[in-house]
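Engineer: This is the structure I want to talk about, given as structure tokens.
Only the coordinates and a few stated rules stand behind these numbers; no lab work does. Keep in mind that this is a model prediction, so the values were computed, not measured. Note that each Cβ is placed from the backbone with ideal geometry, even for glycine, and that neighbours are counted across all protein chains shown.
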Amino acid sequence: MVSVREHILLYLRDLADWEYGGRIEDFVRKELGNKASNASRRCRELENEGRIEKREVVFQGQRVVQYRYNFEKAEQIKEQKRIENQKKIFQSLGGYVNSNV
């Protein structure tokens with residue numbers, strides 16, 4: 001089962017542009033049946049982790065929040081996982097891995 005966080009990440013990745021927080025809330029509510037507050041909380045968590053970016057803009061005189069997928073961070077995470085997997089394979093074959101590398 002894919003989590004709300006992962007659904008938000010996939011939604012923003014596929015969009016590849018800034019999206020209003022309210023639209024993300026609508027997506028989560030309609031597609032997943034979760035509360036809007038759940039979507040907002042997950043977006044804040046993802047932003048704190050650096051997996052999505054956040055900006056505040058003024059639209060029709062009101063301050064609104066927009067989010068977008070952080071492709072750079074995603075590549076860093078992907079590379080980190082690749083290195084960790086290589087270390088595990090090497091260790092399983094009896095090799096020594098220097099954790100400072």
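Engineer: Pairs of alpha-carbon atoms within less than 8 angstrom and 6+ residues apart define the contacts here; what relative contact order does the chain have, in percent?
Structural biologist: In percent, rounded to a whole number, it is 25.
Engineer: Going toward the positive end of the dipole of the chain, with +1 on Lys and Arg Cβ and -1 on Asp and Glu Cβ, which of 94, 36, 15 do you reach last?
Structural biologist: Comparing the listed Cα positions along the dipole, 94 ranks first.
Engineer: From the backbone phi of the stretch 32-40, what are the Karplus-calculated ³J(HN,Hα) couplings (6.51 cos²θ - 1.76 cosθ + 1.60, θ = phi - 60°) in whole Hz, Gly and Pro given as x?
Structural biologist: Computed from phi, the couplings for the stretch 32-40 are 10, x, 8, 6, 4, 4, 5, 5, 4 Hz.
Engineer: Now a separate question. Output ³J(HN,Hα) for the stretch 70-85: one whole-Hz value per residue in order, computed from phi by the Karplus curve 6.51 cos²θ - 1.76 cosθ + 1.60 with θ = phi - 60°, and x for Gly and Pro.
Structural biologist: 9, 5, 5, 5, 4, 5, 5, 5, 4, 5, 4, 5, 4, 5, 4, 5
Engineer: Then there's this: Just subtract the alpha-carbon distance of residue 78 and residue 63 from 0.36 nm times their residue separation and send over the number in nm, one decimal.
Structural biologist: Extending this stretch completely gives an extra 2.0 nm.
Engineer: Most mobile of 30, 87, 54 per a Gaussian network model of the chain (Cα springs, under 10 Å)?
Structural biologist: Ranking 30, 87, 54 by mean-square fluctuation puts 87 first.
Engineer: Please report Rg (one decimal) and Dmax (integer) in Å for the Cα set of the stretch 1-45.
Structural biologist: 9.4, 26
Engineer: Please state the equivalent ellipsoid semi-axes for the chain: what are the square roots of 5 times the Cα gyration tensor eigenvalues, largest first, in whole Å?
Structural biologist: So the three semi-axes of the chain are 35, 15, 10 Å.
Engineer: Let me ask another. Return the single residue from 41, 51, 68 with maximal mean-square fluctuation; model: Gaussian network over the chain, springs between Cα atoms under 10 Å.
Structural biologist: Answer for the Gaussian network model of the chain: 41.
Engineer: Please get the size of the charge dipole for the chain, origin at its Cα centre, with Cβ charges of +1 on Lys and Arg and -1 on Asp and Glu, quoted in debye to the nearest 20.
Structural biologist: Dipole about the Cα centre, nearest 20: 240 debye.
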